[in-house]
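The values are calculated or read from the model by the stated rules, or taken from the named source; none is laboratory data. No experiment lies behind these values; they were computed from the predicted model shown. A quick note on method: Cβ atoms are made from the backbone with ideal geometry, for glycine too, and the neighbour counts reach across all protein chains shown.
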Amino acid sequence: MTEQPRNPAEKTNQKTQNYNLDLSIQRGHAIATEQLRLLSAIRDQEDNERLQTLSLLINTRYGGRVSLRQLERSNGWKYAEVKRLAAKFPHQLLIEGTASGENGGRPGEIIKVIPPVF
């Protein structure tokens, strides 16, 4: 528990300290909010660049569609990143499940690049 000030000068000093503390906290929150906004903008730009790279690869090398497994094995694109980009840009990438083959096996997933509509 905080000790009560004994005289008016101590009261004023404590009020000033409390005010300065509150002001510092407000400034800290404002700085943190601005940093998050900037980091979010940077992340969005990086995601757009990765989307363009992925779309170009799928279109030029695979004719607009490829299995997620093939994409990871041959090109190093991690499944989680491709799924995240497809979720973030649903009008540009589409992931579809495929049926298992004639001999059974696990169903796969195909990613398609959705052509832009003008």
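A few points about this structure:
- Residue ID - surrounded by the most Cβ atoms within 10 Å (Cβ to Cβ), chosen from residues in region 63-73 that are in contact (Cβ under 8 Å) with a residue 12 or more places away in the chain and part of a helix (DSSP H, G or I): Leu71
- The sole residue among Thr60, Thr2, Thr53 that is surrounded by fewer than 10 Cβ atoms within 10 Å (Cβ to Cβ), out of contact with any Asp or Glu (no Cβ under 8 Å at 6 or more places or on another chain) and modelled with pLDDT of 95 or more is Thr60.
- Flag set for Leu23, criterion: surrounded by 10 or more Cβ atoms within 10 Å (Cβ to Cβ), without any contact (Cβ under 8 Å) to a residue 60 or more places away in the chain, of a type in the set (A, V, I, L, M, F, W, C) and over 26 Å from Gly108 (Cα atoms).
- Positions within region 74-111 being touching a helix residue (DSSP H, G or I) at 6+ places or on another chain (Cβ under 8 Å) and either loosely packed, with under 10 Cβ neighbours inside 10 Å or assigned to a strand (DSSP E or B) (or both), in sequence order: Leu93, Leu94, Ile95, Glu109, Ile110, Ile111
- Subset of region 46-91 [closer than 13 Å to Pro115 by Cα, in contact with a strand residue (DSSP E or B) (Cβ under 7 Å, 6 or more places away or on another chain) and not small (Gly, Ala, Ser)]: Ile58, Asn59, Arg65
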